[in-house]
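S.K.: What follows is a single structure, and I will ask about it in a moment.
The values are calculated or read from the model by the stated rules, or taken from the named source; none is laboratory data. Because the structure is a prediction, the values reported are computed rather than measured. Here the Cβ is made from the backbone with ideal geometry for all residues, glycine too, and neighbour counts use every protein chain on show.
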Amino acid sequence: MSYPNWFSASPAQANFTEHLSDFAGKKNLKFLQLGVFTGDASVWLMENILTDQSSHLTDVDTWEGSDEEQHDSMDFLDVEMVYNNKTSVYKNVTKFKGTTLHYLKDAPLDYFDFIYIDADHTAVGVLLDAELSWLSLKSGGILGFDDYMWRERTDRDDLHPQPGIHSFLDRHQGEWEPILKNWQLWVRKK
């Protein structure tokens, strides 16, 4: 089955290119993605940024989908198989199958150079992912939120990422610097 490449179809790939290029080829980088779908962003990162074998990418996903309408017709066992096939050639990618909470509760502190949040799209889910990720992000590291402007299904704010992102940023005022705000919102940890 063919699946959408949301990474290249949105501003995501352009944002990655513009704001992660300074990392390209550097040694000992640690990147984390929460929500990876078929692994299009993972492949891009491995081919363009995390090219040194000492650098590492950790991908976290349940591969169970969500209650988003677009996911209703998808076979998530197949989605996971597509991810596995795309990333199996990279020895410095770790796949963690489970919830973001399950991964983040034991994640190392002050460890990652870049964390990309694209998992649970509810306000509470995004807030929880951001709070737990913040502890694992190095000073000077980048925290990227996907789907900042996403408003699928309903007008209820609690079912969209933006209120959770705003709540997180308000709670950590003075601890971050803005990098970009379009379909995504990225900040650098001070």
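S.K.: Could you tell me whether His56 is surrounded by 15 or more Cβ atoms within 10 Å (Cβ to Cβ) and closer than 20 Å to Leu185 by Cα?
M.R.: no
S.K.: Applying the selection to segment 135-157, what residues are at pLDDT below 95 and either closer than 17 Å to Glu177 by Cβ or basic (Lys, Arg) (or both)?
M.R.: Within segment 135-157, Tyr148, Arg151, Arg153, Arg156 qualify.
S.K.: Given the condition within 18 Å of Gly35 (Cβ to Cβ), surrounded by fewer than 18 Cβ atoms within 10 Å (Cβ to Cβ) and either in contact with a Gly (Cβ under 9 Å, 6 or more places away or on another chain) or modelled with pLDDT of 95 or more (or both), answer yes or no: does some residue in segment 104-121 qualify?
M.R.: Checked segment 104-121: at least one residue is within 18 Å of Gly35 (Cβ to Cβ), surrounded by fewer than 18 Cβ atoms within 10 Å (Cβ to Cβ) and either in contact with a Gly (Cβ under 9 Å, 6 or more places away or on another chain) or modelled with pLDDT of 95 or more (or both).
S.K.: Just to be sure I understand, how many residues within segment 1-42 are charged (D, E, K, R) and either in contact with a Lys or Arg (Cβ under 6 Å, 6 or more places away or on another chain) or surrounded by fewer than 17 Cβ atoms within 10 Å (Cβ to Cβ) (or both)?
M.R.: The number of residues fulfilling the criteria is 4.
S.K.: If you take the residues in segment 61-81 that are among the aliphatic types (A, V, I, L, M) and at pLDDT below 95, which one is surrounded by the most Cβ atoms within 10 Å (Cβ to Cβ)?
M.R.: Top of the filtered list is Val79.
S.K.: Between a residue in segment 105-125 that is farther than 14 Å from Pro163 by Cα and any residue that is of a type in the set (A, V, I, L, M) and assigned to a loop (DSSP other than H, G, I, E, B), which pairs come within a Cβ distance under 7 Å, given they are 6 or more apart or on different chains?
M.R.: Asp113/Leu29
S.K.: Given the criteria part of a strand (DSSP E or B), surrounded by fewer than 18 Cβ atoms within 10 Å (Cβ to Cβ) and among the β-branched types (Val, Ile, Thr), does Ile179 qualify?
M.R.: Spelling it out, Ile179 is indeed part of a strand (DSSP E or B), surrounded by fewer than 18 Cβ atoms within 10 Å (Cβ to Cβ) and among the β-branched types (Val, Ile, Thr).
S.K.: What helices (runs of 4 or more DSSP H) completely inside segment 11-118 contain at least 2 residues that are over 22 Å from Phe145 (Cα atoms) and among the aliphatic types (A, V, I, L, M)?
M.R.: Passing ranges, in order: 76-87.
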